[in-house]
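The values are calculated or read from the model by the stated rules, or taken from the named source; none is laboratory data. No experiment lies behind these values; they were computed from the predicted model shown. Cβ coordinates were reconstructed from backbone atoms using ideal geometry, including for glycine residues, and neighbour counts include every protein chain displayed. Note: areas computed on protein heavy atoms with side chains; ligands, DNA, RNA excluded. Shrake-Rupley method; radii C 1.70, N 1.55, O 1.52, S 1.80 Å.
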Amino acid sequence: MEQLLHYIWKHKIFPLKQLQTTKGMGVEVIDPGLPNSDSGPDFFNAKVKIGENMWVGNVEIHSKASDWFRHGHDKDKVYDSVILHVSGDIDCEIARTNGEPIPQIQLNCPVEIEQNYESLHRADMLPPCYDVIPKISRFAIHSWLSVLQSERLEHKAEAINARLKHCNSNWEDAFFITLARNFGFGLNGDAFEKWAGLIPLRAVDKHRDSLFKIEAIFFGQAGLLEEKLDDPYYLRLQKEFAYMKHLFQLPVMDASLWRFLRLRPGNFPHVRIAQLASLYSNGWGVFSKLMEAESMKAIRDILHTSPSDYWEEHYQFYNSSPRRSKNLSNSSFNLLVINTVVPFLYAYGKHKADEALCQRAGSFLEELKAEDNHVTRMWSGVGLNVNNASDSQALLELKKEYCDKKKCLYCRIGFEYLKQRK
C-alpha cells in the first residue's frame with residue numbers, strides 16, 4: 001500500500017475533490033518533490049500550499065500515520081524538515097522532535113487504480129501453475145516440499161564449504177562470518193560479511209573478557225568511530241580503538257558501505273554490531289556449543305545477547321532514545337537459527353558423517369515458525385500451507401531454483417499442471 005501511495009503522490013493522481021489536512025485546511029500540491037532513494041524523508045524539496053501559506057520542504061509517506069512513531073521519526077531531527085505527512089490511514093496525530101505538530105492529509109487511492117494495481121501485481125507474482133495446486137494431494141505436496149527442503153540445505157552446505165576454504169578450514173571463523181552476514185538481515189548482509197572478514201579473530205580472542213574492548217574493535221573496524229562527536233562513551237571507544245588499531249595494525253572499513261535506507265532503528269548497524277560484540281564476548285566456542293545443543297532453548301541461551309548499558313538508550317552514537325532493551329527479538333532469533341545455525345548443523349553433520357546432526361537440523365526447522373515474506377505469502381495465497389520454517393525454506397527453494405529458472409519440467413507441481421486437461 002505504501003509503495004502505491006508513493007506512486008500516486010509522485011504522479012499527482014489525486015481525487016477530484018480538494019485535498020485537506022486533518023484540521024480542515026486546503027492543500028494544493030504545486031510540486032510533489034524529488035523521490036529520495038536514501039535514508040530520510042521520502043520526497044525532497046516539495047512545494048505545497050497549505051491554507052494561505054506556501055511551504056517548501058520534505059514530505060513523508062506512510063500506510064498508517066502511527067508508522068511515524070513506529071519508525072522512530074519523532075526522535076529523529078532529520079524528519080523535522082517534513083512539511084506534510086501523507087498517509088492512507090490517519091490513526092493519530094504526529095509531531096517533530098520539539099513537539100510541534102506536522103500537517104497531515106489522508107490520501108485515498110482511487111478505486112480503479114487500486115484494483116488495476118492489484119491485478120497487475122497478482123499477475124506478476126503468481127506462477128502460471130497456481131490454479132492446479134488445490135487439486136494436488138496433500139501427500140504429493142508434502143513429499144515435494146521435503147525434497148525441496150533437503151535441496152536447500154544441500155545448497156547452503158555448499159556455500160558454507162566454500163567459505164571454509166577462505167577460512168583455512170576453521171569452522172569457528174566461518175561460522176562467525178556467516179553469522180555476521182545474517183545479522184545484516186538482507187540490506188546490510190554484504191557490509192557485515194566484509195566487516196567480519198577484516199576482524200583478526202585470533203587477536204581479538206585475547207580481549208574476549210572485556211565487552212568494552214570488543215565493542216571498540218568491532219565499531220572501529222566498521223568505520224563508525226571516525227567522526228568527531230561530543231559523546232563520552234563514543235570518545236572512550238575511539239581512544240581504545242586508536243590503541244588497538246596501532247597494536248594489531250587493524251584496517252578500517254569504509255563507513256559509507258553501511259546502509260540505513262528505510263531501516264527500523266532496531267536494525268541499525270550500530271545495534272547489530274553491539275549485539276554481535278555481546279555474543280562474541282560471552283565466551284569461547286559459540287560454534288561448538290551450538291553444534292552440541294539439542295533443544296531450541298539451549299540455542300536461545302547460547303545466542304542470548306546483552307549489549308552494554310549505553311545501547312539501552314541509543315540506536316546510534318550521540319543521539320539518545322527512550323530506554324529499551326536491545327536483545328534479539330524472537331523474529332530475529334528465528335531467522336538467525338534458520339539461516340545460520342541449521343545450515344551449519346547440516347554441513348557439520350555431513351563433514352563428520354554424523355546423521356544425528358543432519359536430522360537435528362531438519363527437526364529444528366520443523367520446530368520454528370515459518371518465515372513471513374513475499375514468497376511465502378505468494379504460495380500461501382494460492383493454497384500451499386506454510387506451517388513451519390521447513391515449509392517456508394522449501395518454498396523459497398521452489399521459487400529460486402525452479403520458478404525463477406523456468407525449470408517447470410523438473411517440478412512436481414509443473415508435472416501436475418502439464419498433464420491436466422483443460
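Taking into account only those residues within region 385-421 that are in a loop (DSSP other than H, G, I, E, B), within 15 Å of GLN149 (Cα to Cα) and out of contact with any Asp or Glu (no Cβ under 8 Å at 6 or more places or on another chain), which is most open to solvent (accessible area, probe 1.4 Å)?
Initially, region 385-421 is screened for residues in a loop (DSSP other than H, G, I, E, B), giving 385-388, 404-407, 411, 420-421.
Then keep just the ones that are within 15 Å of GLN149 (Cα to Cα); that gives 385-388, 411.
The next check asks that each one be out of contact with any Asp or Glu (no Cβ under 8 Å at 6 or more places or on another chain); those that pass are 386-387, 411.
Working: VAL386: 39, ASN387: 116, CYS411: 13 Å².
For region 385-421, the residue satisfying everything is ASN387.
Inside region 205-230, can you point out the residues that are among the small types (Gly, Ala, Ser) and assigned to a loop (DSSP other than H, G, I, E, B)?
Scanning region 205-230 gives SER210, ALA222, GLY223.
Would it be correct to say that TYR130 is surrounded by 12 or more Cβ atoms within 10 Å (Cβ to Cβ), modelled with pLDDT of 90 or more and of a type in the set (Ser, Thr, Tyr)?
No: the conditions fail for TYR130.
Show me the helices (runs of 4 or more DSSP H) found entirely inside region 57-174 where at least 3 residues are within 23 Å of the chain's Cα centre (by Cα) and aliphatic (A, V, I, L, M).
Correct list: 138-166.
Sort out for me the helices (runs of 4 or more DSSP H) sitting completely within region 287-382 that have 2 or more residues that are modelled with pLDDT of 95 or more, of a type in the set (Gly, Ala, Ser) and buried (at least 16 other Cβ atoms within 10 Å of the Cβ).
The qualifying helices (runs of 4 or more DSSP H) are 342-351, 355-367.
Among the candidates PRO232, PRO251, PRO265, which residue alone is open to solvent by 10 Å² or more (accessible area, probe 1.4 Å) and in contact with a helix residue (DSSP H, G or I) (Cβ under 6 Å, 6 or more places away or on another chain)?
None of the others qualify; the one that does is PRO251.
Check region 72-90 and report whether any residue there is touching a residue at least 12 places away in the same chain (Cβ under 8 Å), closer than 30 Å to THR340 by Cα and out of contact with any His (no Cβ under 8 Å at 6 or more places or on another chain).
The answer is yes, given that some residue of region 72-90 is touching a residue at least 12 places away in the same chain (Cβ under 8 Å), closer than 30 Å to THR340 by Cα and out of contact with any His (no Cβ under 8 Å at 6 or more places or on another chain).
Tell me whether region 9-32 contains one or more residues that are open to solvent by less than 40 Å² (accessible area, probe 1.4 Å), part of a loop (DSSP other than H, G, I, E, B) and under 15 Å from ILE83 (Cβ atoms).
Yes: region 9-32 contains one or more residues that are open to solvent by less than 40 Å² (accessible area, probe 1.4 Å), part of a loop (DSSP other than H, G, I, E, B) and under 15 Å from ILE83 (Cβ atoms).
For region 174-183, state whether one or more residues are surrounded by fewer than 19 Cβ atoms within 10 Å (Cβ to Cβ), touching a residue at least 24 places away in the same chain (Cβ under 8 Å) and touching a helix residue (DSSP H, G or I) at 6+ places or on another chain (Cβ under 9 Å).
No; the residues of region 174-183 include none that is surrounded by fewer than 19 Cβ atoms within 10 Å (Cβ to Cβ), touching a residue at least 24 places away in the same chain (Cβ under 8 Å) and touching a helix residue (DSSP H, G or I) at 6+ places or on another chain (Cβ under 9 Å).
Can you name the residue in region 257-272 that is farther than 16 Å from ALA196 by Cα and in a helix (DSSP H, G or I) and, of all such residues, is nearest to the chain's Cα centre (by Cα)?
ASN267
For region 196-229, what are the residues that are open to solvent by less than 40 Å² (accessible area, probe 1.4 Å), over 22 Å from LEU164 (Cα atoms) and free of Cβ contacts under 8 Å to residues at least 40 places away in the same chain?
HIS207, ALA216, ILE217, GLY220, GLN221, GLY223, LEU225
What's the number of the only condition in (1) outside any helix (DSSP H, G or I); (2) more than 24 Å from SER325 (Cβ to Cβ) that THR178 fails to meet?
The single condition THR178 does not satisfy is (1).
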